[in-house]
Structures are given as structure tokens and as C-alpha cells.
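Beneath this line is the structure, given in C-alpha cells, with notes to follow.
The values are calculated or read from the model by the stated rules, or taken from the named source; none is laboratory data. Source: prediction; values computed, not measured. Every residue, glycine as well, gets a Cβ built from its backbone with ideal geometry; the counts of neighbours run over all protein chains shown. Accessible surface is based on the protein model in full, side chains and every heavy atom, while ligands, DNA and RNA are left aside. Shrake-Rupley method; radii C 1.70, N 1.55, O 1.52, S 1.80 Å.
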Amino acid sequence: MFSWLGTDDRRRKDPEVFQTVSEGLKKLYKTKLLPLEEHYKFHEFHSPALEDADFDNKPMVLLVGQYSTGKTTFIRYLLEQDFPGMRIGPEPTTDSFIAVMQGDVEGIVPGNALVVDPKKPFRKLNAFGNAFLNRFVCAQLPNPVLESISVIDTPGILSGEKQRISRGYDFAAVLEWFAERVDRIILLFDAHKLDISDEFSEVIKALKNHEDKMRVVLNKADQIETQQLMRVYGALMWSLGKIVNTPEVIRVYIGSFWSHPLLIPDNRKLFEAEEQDLFRDIQSLPRNAALRKLNDLIKRARLAKVHAYIISSLKKEMPSVFGKDNKKKELVNNLGEIYARIEREHQISPGDFPNLRKMQDQLHTQDFSKFQPLKSKLLETVEDMLANDIAQLMVLVRQEESQRPTQMVKGGAFEGTLHGPFGHGYGEGAGEGIDDAEWVVARDKPMYDEIFYTLSPVDGKITGANAKKEMVRSKLPNTVLGKIWKLADIDKDGMLDDEEFALANHLIKVKLEGHELPNELPSHLLPPSKRKITE
């Protein structure tokens with residue numbers, strides 16, 4: 001079966017040559033990692049085998065949250081149009097997993113049809129049975145946003161007595177399956193309902209290995225006053241800190257993601273800035289998709305290696321004839337000691353091991369006699385893949401990124417603030433006066449002129465040393481003042497005339513007010529007498 005294992009060491013150590021990242025990932029997985037997974041029953045313990053669609057599909061965004069936190073409304077806000085199967089309301093309305101994807105015509109594809117479509121990355125969801133598939137649909141529609149990404153809407157997570165009603169399928173396991181394959185996980189919270197139910201807590205814990213993909217949105221923040229918002233934000237961070245047990249803080253975006261007027265507009269600027277940050281994060285997904293898939297394959301390979309060591313260790317400890325059941329119970333109970341021994345013998349990080357309790361539960365149902373002993377060649381092949389082939393693919397990732405035009409999510413809400421006066425920061429900071437006929441610096445120029453003439457100008461110009469004496473009074477760092485100097489010294493003669501000095505002071509004011517400096521001087525900030533120089 002594994003004829004490729006017969007190749008000599010020299011050939012095996014030569015890195016593979018691939019034309020595209022996607023092709024490389026598929027080939028490496030099928031020829032080097034999949035044999036190891038199959039040999040040690042990896043798919044029965046952790047994650048189903050990957051298929052071509054998993055490597056070819058567009059970036060996906062998974063939305064998770066309690067009911068009425070605005071998940072479906074968030075998708076509607078991004079797309080700027082309704083999608084098939086959409087239901088919005090204060091009660092738990094979305095009772096299904098809805099994959100919102102690009103399609104030529106609007107329509108809904110039911111779950112049982114989805115899991116037999118080889119072009120969709122959902123075939124392995126078949127394992128969750130009809131109870132789940134009856135609650136899983138794909139909403140297809142033509143939309144420019146969906147040309148670059150797909151969005152997964154999930155049922156609202158229940159609280160109180162409602163969460164005790166069985167869904168008929170393992171909700172946390174389904175979310176974990178999606179989490180392994182998506183590019184971004186967005187947890188939505190309602191600023192009015194911060195209580196994290198038991199079910200939501202379990203879901204967040206199930207997503208524990210994917211913190212790098214997780215972002216948090218504190219939605220409906222326009223409905224509370226600033227002081228309350230600060231308290232709610234603090235309470236949210238405290239609650240998350242107890243569940244997501246990591247020293248790093250998850251990025252939280254505050255806003256109101258729907259197209260209605262803000263109820264309390266006091267924090268409008270904050271919401272706009274947060275929205276732009278979140279949009280930039282989502283827009284970057286297509287550009288980083290290949291790197292994410294490569295990263296996920298490396299994580300999977302590391303887990304598969306550890307799994308192989310665990311299974312082979314259990315096989316080695318099992319008696320050949322008598323006392324198998326008692327020995328199996330003993331091994332399962334002492335699995336923590338086996339973890340520690342493998343960690344020492346093979347210098348494996350503790351973070352690479354699967355969850356101990358979950359692994360023990362799964363081992364109780366397994367027949368240890370069917371486990372395989374350690375097969376060094378399979379492990380060496382995966383080691384070789386991680387050491388050589390992955391490095392080769394990393395180079396290819398960078399080449400593809402440089403050759404392609406900038407890949408970004410376009411359309412929908414992403415276009416609304418891209419151009420015109422409603423773009424974030426338009427007419428503020430260095431952009432102030434962009435639409436004015438008069439030079440904006442002229443408003444304060446008389447004040448700057450008074451300072452200018454105290455600095456001993458010669459032939460209408462002051463030296464850099466004299467300008468420095470005045471500019472350092474702003475207490476800005478030299479790196480910032482140096483940038484301001486470069487922007488203001490338009491004729492590059494190492495001196496400033498009265499207009500250039502006024503411009504320098506205007507830029508200092510911009511920075512002191514908390515705005516960023518431009519990399520190049522905008523045309524509206526050019527002094528009138530210098531506009532011919534730059535033409």
C-alpha cells in the first residue's frame with residue numbers, strides 16, 4: 001500500500017517541488033501525513049481526513065454567540081442584503097447552521113445534499129448524523145462580499161433552562177469541527193446581556209486550541225452610556241479571562257453592527273474606529289488564507305505525531321494474551337504518566353498533547369488489540385515534511401502573495417466608507433481642510449508668524465537649528481519631529497520659510513491631537529507658493 005516508503009533516504013530528504021501552495025498542501029497531506037493518520041486511527045479520535053475542498057475553499061468566518069446577540073444581523077450588515085433562510089428577532093430565531101456562500105442564483109441547499117457535494121468543504125459533517133444535517137443548510141446568493149469569503153451563521157446558544165434541552169447532536173463538537181477549518185471565529189456578545197451560559201462556556205472551551213483565530217465583538221454598544229460601556233467592557237474581559245485561560249487578551253471590538261441610527265451617539269468615533277479595525281481584519285483573510293491553511297496543516301501534523309506515540313505506547317504496554325481488560329483500564333487511568341514519559345523521551349511540548357480527559361473517554365471505547373506499534377518510517381516522513389517541505393511551501397506562499405494583486409474583501413459594508421466624506425477619519429487630522437478652497441494652515445498662520453520672526457530669519461528663512469529649538473517644545477520624540485521636518489521642508493534646502501514653518505507647526509498640532517501623520521504630504525496641505533515646485 002505504501003510503496004512510496006521504499007524510496008532511499010537521499011531522495012526522501014529532497015524537498016518536494018510544487019507549482020502552487022494549494023497543490024503542495026494537498027500532495028503533502030495525501031502522501032506524507034495521511035498514511036500516519038490512517039495507521040494510528042487519528043480520524044476516530046480527533047478530526048476526519050481532509051479533502052481537496054478543504055484546501056481549495058474560500059476563507060470562512062464563523063459567528064458564535066448566545067441568542068439575540070446580532071449574529072444574523074451582523075451578516076446582513078456586511079452583505080447589505082438579505083440572504084435565503086434569514087430570520088431575525090429577539091427570541092432564538094436561527095435554529096440551524098447556515099453557510100452563507102456565493103452562488104449564481106439565490107437559493108437554499110439542504111444539509112444532506114451539501115455533504116455529498118465534493119466541491120463544498122462539508123462532506124465530513126456527515127458523521128454528525130441526520131439530527132444535525134436537518135439543521136444545516138447552505139444559503140447561496142450573488143454578492144461581491146461572498147466572492148472572497150463565506151460566512152457561517154450558527155444557532156443562538158441558549159441560557160437557563162433552555163440549554164438543558166438536547167439538540168440531538170453534539171453542538172460543541174460541530175463548532176469545533178468548523179473551528180478547525182475556518183479562518184476567523186467571531187464571538188458576539190450583547191452589551192445588555194453579558195451572562196455567559198454553561199453551554200456558551202463549554203463552546204468557548206471547545207474552541208480553546210484556536211485562540212489565534214478568535215475575535216470578540218461587543219455588539220449593541222450604542223444602547224448604553226459611556227460610563228456603563230466601560231463597566232460592561234471590564235466585566236466582559238473578566239468573564240473571558242476565566243474561560244479562555246491564556247495570558248494573552250483576545251481582541252475585542254466595540255460597536256453596533258446594524259444599519260439603524262445610533263441610540264446614544266456619544267461614542268460614534270470609537271465605534272467607527274473599531275468597525276474599521278474589524279473590517280481590515282476580515283478584509284485581510286483572503287490574503288492570508290494560504291498561510292492559515294499551511295499553519296493548520298503544521299498543527300495537525302504535530303498532533304498526529306503525538307497521537308502516534310500515544311497509540312504505539314499503549315500497544316506496547318498491552319499483554320498479548322491474558323488480562324487485557326484490566327490492563328486497558330490501568331493504562332487509561334495512568335494516561336497522564338504516559339503523556340509525561342512521551343514528553344521526556346521525544347522532547348515534545350506539553351501544548352502539543354490532546355486534552356487528557358477527552359482522550360481517556362475516547363480510549364474507553366477502543367479495542368487496544370487493533371492499535372499499531374511504532375513505525376519509524378511513517379514518523380520520519382512527517383518529520384521530513386515539517387523540516388524541509390513546509391519551508392519550501394513558505395517560500396511559495398510569499399511568491400504568490402507578491403505576484404497577485406492585493407486580495408481584499410470588497411463590496412457590501414466594506415465599500416460604504418471606502419470613498420467620499422464618510423470614510424473613517426475623513427476631514428480630520430492631516431485630512432482637515434481637504435475640501436476647502438483656502439489653505440487650512442492659513443487660519444493659524446498669524447500666530448505661527450509671530451514665533452517665526454523671533455527665530456532670527458535670514459533672507460526669509462530660519463535654519464534647522466533655530467527651528468529645532470522651537471519644535472522640541474512640543475515634547476514630541478525626535479523620530480516624530482524628524483518626520484514632520486521632512487514633510488514641511490518642501491524644497492529640501494535644510495531651512496524653513498514662514499509657510500513651511502507654519503506647516504510644521506500645523507503637523508505638530510495634528511500629532512498632539514492624537515492623529516497619525518501622513519507618509520506623504522497631502523496636496524491640500526502644500527503651501528500655495530510651493531504648489532508649482534511639486535508639479
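Based on DSSP, what percent of beta bridges with both residues in region 60-284 are antiparallel, to the nearest 5? The antiparallel proportion sits near 25 percent.
Give the percent of DSSP beta bridges with both residues in the chain that are antiparallel, rounded to the nearest 5. Can you show the working numbers first?
Details: 12 of 36 bridges.
If we restrict to bridges inside the chain, about 35 percent are antiparallel.
For residue 267, neighbours were defined as the other residues whose beta-carbon sits under 10 Å from its Cβ, and their charges (Lys and Arg +1, Asp and Glu -1) total -3.
Amide H to amide H, with H built 1.01 Å from N, residue 217 comes under 5 Å of 187, 188, 189, 253, counting only residues 5 or more places away or on other chains. What separates the Cα centres of region 94-143 and region 331-349 is a distance of 40 Å.
For region 60-66, putting each phi into the Karplus relation 6.51 cos²θ - 1.76 cosθ + 1.60 with θ = phi - 60° gives couplings of 10, 10, 9, 9, 10, x, 5 Hz, in residue order, rounded to whole numbers and with x for Gly and Pro. When the Cα positions of 479, 379, 454 are compared along the charge dipole of the chain, 379 comes out farthest toward the positive end, with charges on each C-beta of Lys, Arg, Asp and Glu.
Rank these residues by their accessible area, most exposed first, probe 1.4 Å: 396, 270. It would help to have the intermediate numbers written out before the result.
Details: 396 25, 270 70 Å².
In descending accessible area the options line up as 270, 396.
The accessible area of residue 358, taken with all protein chains in place and a 1.4 Å probe, comes to roughly 90 Å².
Starting from the Cα gyration tensor of region 14-71, take the square roots of the eigenvalues, sort them a ≥ b ≥ c, and report rounded, prolate or oblate (rounded when a/c is under 1.5, otherwise prolate if a/b is larger than b/c, else oblate). Taking the square roots of the gyration eigenvalues as a ≥ b ≥ c, region 14-71 is oblate. The value of relative contact order for the chain, using C-alpha pairs under 8 Å at least six residues apart, is 16 percent.
With both labels modelled 7 Å from their Cα along Cα-to-Cβ, the residue 469 to residue 438 distance reads 3.2 nm. Once you place label points 7 Å from the Cα toward the Cβ at residue 104 and residue 343, how far apart are they in nm? Computed distance between label sites residue 104 and residue 343 equals 5.6 nm. Ranking 439, 485 from most to least accessible surface, computed with a 1.4 Å probe over the protein chains only, gives 485, 439. Cross-link check: pairs 483/509; 58/208; 329/358; 71/358 evaluated at a Cα-Cα cut-off of 18 Å; pairs beyond the cut-off: 58/208; 71/358. Set against the labelled values [x] 147; [y] 183; [z] 219, volume of the Cα convex hull per residue in Å³ computed from this structure falls on [z]. Rounded to the nearest 0.05, what FRET efficiency do residue 329 and residue 235 have when you use their Cβ-Cβ distance and R0 = 35 Å? According to the calculation, E is roughly 0.20.
Other residues whose C-beta falls under 12 angstrom from the C-beta of residue 301 contribute a net charge of -1, scoring Lys and Arg +1 and Asp and Glu -1.
Using alpha-carbon pairs under 8 Å, 6+ residues apart, how would you state the relative contact order of region 429-530 in percent?
Numbers: 97 pairs, mean separation 41.1, N = 102.
Relative contact order of region 429-530: 40 percent.
Note on residue 363: accessible area approximately 0 square angstrom, rounded to 10, probe 1.4 Å, nucleic acids and ligands left out.
The residues neighbouring residue 411, those whose beta-carbon lies less than 12 Å from its own, together hold a net charge of -2 under the Lys/Arg +1, Asp/Glu -1 convention.
Check every DSSP H run in the chain and write down those whose alpha carbon atoms cover 24 angstrom or more along the long axis and whose mean Kyte-Doolittle hydropathy is -1.0 or greater. Don't skip to the end; give the middle numbers.
Working: long enough: 226-243 (26 Å, 0.32); 285-317 (48 Å, -0.29).
Answer set is 226-243, 285-317.
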